[in-house]
Each structure stands twice: as structure tokens, then as C-alpha cells.
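A.B. asks: Can you read through this structure? Questions will come right after.
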Amino acid sequence: MGEHIIYDVMASVDLYDKSISTQSAKLHIYPKTITMLASDIKPLESITENDTVLADPALIYASNSIDQNLRFRVIAPNGQCIIGVSEECAIHDSTANQRGGLASIEYEDQIIRVRYSGPENSLERFSITSIDPLVNHWTVSLETSDGIVPQAQAIKDMSIKVKYRTYSETITVNSE
């Protein structure tokens, strides 16, 4: 995942013969979107500091620009097939005709929303989002229309993007 950096910041101003400074405060810097290769996707986790959640993985998305003869296969951390050719998968075709262009799928104790262009689209793409964090190890691969997963060479360059939902609060720092 991207780097999480913490800065200790404070402000000061010199007005004529008076100097005013604020107390020190922590500023957390981390990427709002990370990119991983499908062949090297890492488990997704929340960004935390002292048991406080700073950001959660909220959206997973990708486009298949690798091979138009291959289709997405997306597997949730519990092994449930979300997108794919086989009958066990929740979504096989485009969600464009569904309300809002999204399909709602029950996944463990949460509802995930899936947008999928469908395999017939010239640029096949999907996005998965939820109110709850999308954590743990999601698997994104490509398969043939017969459900055969090709060698890793086929997906080695495919990028998966993950957007984080940040939880921030306004912090007022008093001056001395």
C-alpha cells in the first residue's frame, strides 16, 4: 500500500513586536487512491493511528485493456465469486440496465454495489463499493468465456485501483 506519513506541524506569526505560535498538531498524509498489479494484489486494510480509523478502502475498480477475449473474474475474500462467467458468480453481464446501473449483492454482513460494463463492451470495466470497508484479500483475474483462467502472464500488467474513504475532523489548535 502507499506510504502513510505523519508530520508534526505548528504555525507561528510575528506581528510587530509580538510572536504568536500554535500548539503542535499531527498531520497525516496518505494516498487517497492506490494502484496495484492484479498479479501482486495485497490484502486491503484500513489506515489507522492509535486505534483510530483514518481511512477505509471503499472502492475497487479496474479496466481490462489487456485482452478483449478475456473476461474479469472477481473473488471476494470469503471465496464468493462476485463477477465471472460461471453460474456460481453473482454477476455475468452488464449492470447498465439495472437501477442506477448498479447491482446490490449480499457479501457476508454487508451489501456491496457493483457496476460492471459487461464482457461485450469494448473496454470491459468494473467497480465495487460499499458503505462498509472492503478489506482483506480480493482476487481480480481474467478468464476465457469458457471459465478457464489463463497463465499469470495474461494479468501481470493489469492495474487494480483502490480508493480510500477518509475520516477527517477539523482540529482547532490554540495559540500560546
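Here, each number is a calculation from the coordinates, and none is a lab measurement. Quantities reported herein were computed from a predicted structural model and do not represent experimental measurements. Backbone-built Cβ (ideal geometry, glycine too); neighbour counts: all protein chains shown.
A.B. asks: What does the charge add up to near Glu106, with Lys and Arg as +1, Asp and Glu as -1, over the other residues with Cβ less than 14 Å from its Cβ?
C.D. replies: Within the 14 Å Cβ shell, the charges total -2.
A.B. asks: On a straight-distance basis, which aspartates and glutamates could pair with Lys18 in a cross-link, Cα separation under 18 angstrom, same-chain partners fewer than 8 positions away excluded?
C.D. replies: Answer for Lys18, where 18 Å is the Cα cut-off: Glu176, listed by chain and number.
A.B. asks: Same structure again: Tally Lys and Arg at +1 and Asp and Glu at -1 over the other residues with C-beta under 12 Å from the C-beta of Leu27: what net charge comes out?
C.D. replies: -1
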